[in-house]
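Enquirer: One structure is given below, represented as structure tokens, and several questions about it will come after.
The values are calculated or read from the model by the stated rules, or taken from the named source; none is laboratory data. This one's a predicted model, so the numbers in the text were calculated from it and none came from an experiment. Neighbour counts run over all protein chains shown; Cβ positions are idealised from the backbone, glycine included. For accessibility, only protein heavy atoms count, side chains too; no ligands or nucleic acids. Shrake-Rupley method; radii C 1.70, N 1.55, O 1.52, S 1.80 Å.
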Amino acid sequence: MTVRADARPRASHRAANRVVDILELVAASREGLALREVSAELEAPKSSLLPLLRALTARGYLEHGRAGDYRLGWRALALGHNAAAHRGLPDVARPALVELMRRTGETVFLGTLAGDGLSVVYVDKVESEQIIRYAAGVGDRRPLHATSSGKALLASLPPEEREAILKALPLARHTERTVTSLPALRAALEEVQRTGVCISLDEMVRGACGVAAPIFERSGRVAGVCTVAGPTDRVRPRLRTLAAEVKRTARAVSALLGHRAHEENK
């Protein structure tokens with residue numbers, strides 16, 4: 001009797017651990033995993049995994065695709081969103097920003113629309129370890145029309161809100177490359193909407209370049225912007241690579257906020 005009573009909790013613990021193993025494994029896979037792949041990775045028989053996979057699918061923690069692959073389901077994603085909702089954007093984004101700086105070697109900023117609606121404010125940054133780097137502080141503001149972060153935010157706002165800001169926006173010139181006309185600014189915003197990324201070369205400061213992509217919350221509204229900034233001479237040769245890295249990071253943070261990637265038009 002004693003042996004049988006002890007065996008039941010141990011079996012229960014094994015099953016609970018196996019469920020966690022499955023969720024962690026599927027979460028780490030971008031393409032989804034078939035039963036045979038889950039079995040191989042966890043070194044567990046298919047017969048013992050299949051009931052767990054079916055139960056997780058029935059409860060919404062996994063999705064079972066037509067090709068037989070398993071992915072995270074809506075309920076698992078909702079749990080992640082609820083956890084993120086109790087933290088501020090900087091806390092949610094910080095690990096991804098640190099990793100972006102490590103991959104690119106340049107200073108990374110997290111920005112949001114300032115209270116005046118006419119500028120972007122930096123709410124977090126991860127500074128480059130390079131001797132020559134882009135310098136700005138948390139709390140600093142930059143004009144929307146002359147920065148990659150500002151234009152990425154503007155382009156992602158609802159049309160009515162964007163138009164109201166454009167009408168009130170002072171298009172001050174900062175360098176010879178600053179956009180100072182509404183037609184040119186609207187064209188630049190359309191390009192951001194088309195590509196999902198904004199590149200600014202010497203528009204705010206000569207010799208400084210920024211690459212930015214918007215971050216979206218669960219509702220689809222823009223929550224902020226992720227930006228890599230550095231000296232133009234060092235950044236310009238890597239624009240394509242940096243743009244891809246910034247978009248990747250922005251999408252990862254958006255996913256943490258509950259946004260579905262397919263909802264973007266980029």
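Enquirer: Along region 114-127, what does the Karplus equation 6.51 cos²θ - 1.76 cosθ + 1.60 (θ = phi - 60°) give for ³J(HN,Hα), rounded to whole Hz, x for Gly and Pro?
Expert: Couplings: 5, x, 6, x, 10, 8, 9, 10, 7, 9, 6, 8, 10, 7 Hz.
Enquirer: Ok, one more. Which of the peptides 222-232, 160-170, 61-71 is most tightly packed, and how do the rest follow, going by the mean number of other Cβ atoms within 10 Å of each residue?
Expert: Top to bottom by mean Cβ count within 10 Å: 222-232, 61-71, 160-170.
Enquirer: Mind ranking D116, D233, D202 by accessible surface for me, highest first, 1.4 Å probe?
Expert: In descending accessible area the options line up as D233, D116, D202.
Enquirer: Starting from 0.36 nm per residue, how many nanometres of slack lie between E41 and V20 once their C-alpha separation is accounted for?
Expert: 6.2 nm
Enquirer: What does the net charge come to around I199 if you take all other residues with beta carbon closer than 12 Å to its beta carbon, with K and R at +1 and D and E at -1?
Expert: Within the 12 Å Cβ shell, the charges total +3.
Enquirer: Given C-alpha coordinates of the chain, what is the ratio Rg to Rh with the Kirkwood estimate of Rh?
Expert: 1.11
Enquirer: So, one more: Report relative contact order for the chain in percent, whole number only (criteria: Cα-Cα under 8 Å, sequence separation at least 6).
Expert: 16 percent.
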